[in-house]
1. Take residue 237 and tell me if it is without any contact (Cβ under 8 Å) to a residue 60 or more places away in the chain, closer than 30 Å to residue 220 by Cβ and part of a helix (DSSP H, G or I).
2. Can you name the residue in segment 248-287 that is of a type outside the set (S, T, N, Q) and in contact with a helix residue (DSSP H, G or I) (Cβ under 7 Å, 6 or more places away or on another chain) and is also nearest to residue 166 (Cα to Cα) among such residues?
3. Would a scan of segment 249-259 turn up a residue that is modelled with pLDDT under 90 and assigned to a loop (DSSP other than H, G, I, E, B)?
4. Which one of these is at pLDDT 90 or above and under 30 Å from residue 97 (Cα atoms): 194, 210?
5. Of 192, 176, 139, 124, which residue is among the β-branched types (Val, Ile, Thr) and either within 26 Å of residue 85 (Cβ to Cβ) or touching a His at 6+ places or on another chain (Cβ under 9 Å) (or both)?
Amino acid sequence: MPIPVNILIFLIIVVVALGLMVYIGLRQDSEKDPLADILEQYGDRELPTSLEEVEMSIGMKERVIEPFLRGVAGVVIRLTPQKQLETVRQKIELAGMTTDPSQFFIQRIVLTVVFAVGGGLIAVQILEETFQTSVMFFVGGAAMGYYMPMSQLNTKIQRRQESILRALPDALDLLVICVEAGLGFDMAMGKVYEKWDNELALAFGRVLREIQLGKLRRDALRDMAERMDVPDVTTFVAAIVQADQLGVGMSQVLRIQSEQMRVKRRQRAQEKAQQAPVKMLIPMVFLIFPSIFIVLLGPAILAVMESGAFERF
């Protein structure tokens, strides 16, 4: 007996809402400290009298949903090849995120199940398709849910790299000014970190913290270039490391790098300007030209139809 359509739609909405709640909750957990939240909750309350009271004060998500999903993700991680885990971990670093790979696999599992079940139910109950078509909907929904987190991660990586490319020439100009004013290279990076709030400035701040913890400056800069995977940053870091090893004046190297970055930025702007007519061609052909033809030829076609000219043929 088929399920009524209204009940089916309600079940699909509930499944999708639960998936989104779990997904958003896991993303928020990466930015918040659960221990701080618990301590804040108990700040204005009396001390608990038993361990059971402490456990029951924690929400259902922390007690049941998250441990279950982490367990499933742990099993998936153990079955996943090490090379794929390293690839995901590297992509997370390139995106500038601090998310654990297990949370990434949790999101992938949840979205795969939700989209697969939703696609299958829509094909069977609403569209009333055949078994083969329903299987295609099920597999297509599972594939969409499986590849969506990776697509989002690649999008974040691309946006971060574009942000770094836009900020690099101005950051080099500020480094040149600070170094020529008498500051050291580390202090100049500190000025960039203080003045700006973008991905490049945050990367400079991380380099400074690593240097303070005892890492060599050239190693910290090379690690920064690997975490960004931007060719211009790699070239800049290579020039700085080489100048540091050879004893060349840092201000001269920075000025040369700054001039080169400005030239590259101008060339990228010219390239995008030359690509604009080609990119505008598709919307013009499929959106603008049909509208113009309708406005110009529509009244003429209606007049011809009213005159009965088509009936003569």
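1. Working: without any contact (Cβ under 8 Å) to a residue 60 or more places away in the chain: yes; closer than 30 Å to residue 220 by Cβ: yes; part of a helix (DSSP H, G or I): yes.
For residue 237, the condition - without any contact (Cβ under 8 Å) to a residue 60 or more places away in the chain, closer than 30 Å to residue 220 by Cβ and part of a helix (DSSP H, G or I) - is met.
2. 265
3. Step one: filter segment 249-259 for residues modelled with pLDDT under 90, giving 249-259.
Filter again for assigned to a loop (DSSP other than H, G, I, E, B), leaving 249.
Yes; the residues of segment 249-259 include at least one that is modelled with pLDDT under 90 and assigned to a loop (DSSP other than H, G, I, E, B).
4. Details: 194 fails: at pLDDT 90 or above.
Selected residue: 210, the only one of 194, 210 that is at pLDDT 90 or above and under 30 Å from residue 97 (Cα atoms).
5. Values: 192 fails: either within 26 Å of residue 85 (Cβ to Cβ) or touching a His at 6+ places or on another chain (Cβ under 9 Å) (or both); 176 fails: either within 26 Å of residue 85 (Cβ to Cβ) or touching a His at 6+ places or on another chain (Cβ under 9 Å) (or both); 124 fails: either within 26 Å of residue 85 (Cβ to Cβ) or touching a His at 6+ places or on another chain (Cβ under 9 Å) (or both).
That would be 139, the only listed residue that is among the β-branched types (Val, Ile, Thr) and either within 26 Å of residue 85 (Cβ to Cβ) or touching a His at 6+ places or on another chain (Cβ under 9 Å) (or both).
The values are calculated or read from the model by the stated rules, or taken from the named source; none is laboratory data. This is a predicted model, so every value here is computed, not measured. Here Cβ is always computed from backbone atoms with ideal geometry, including for glycine, and neighbour counts include all displayed protein chains.
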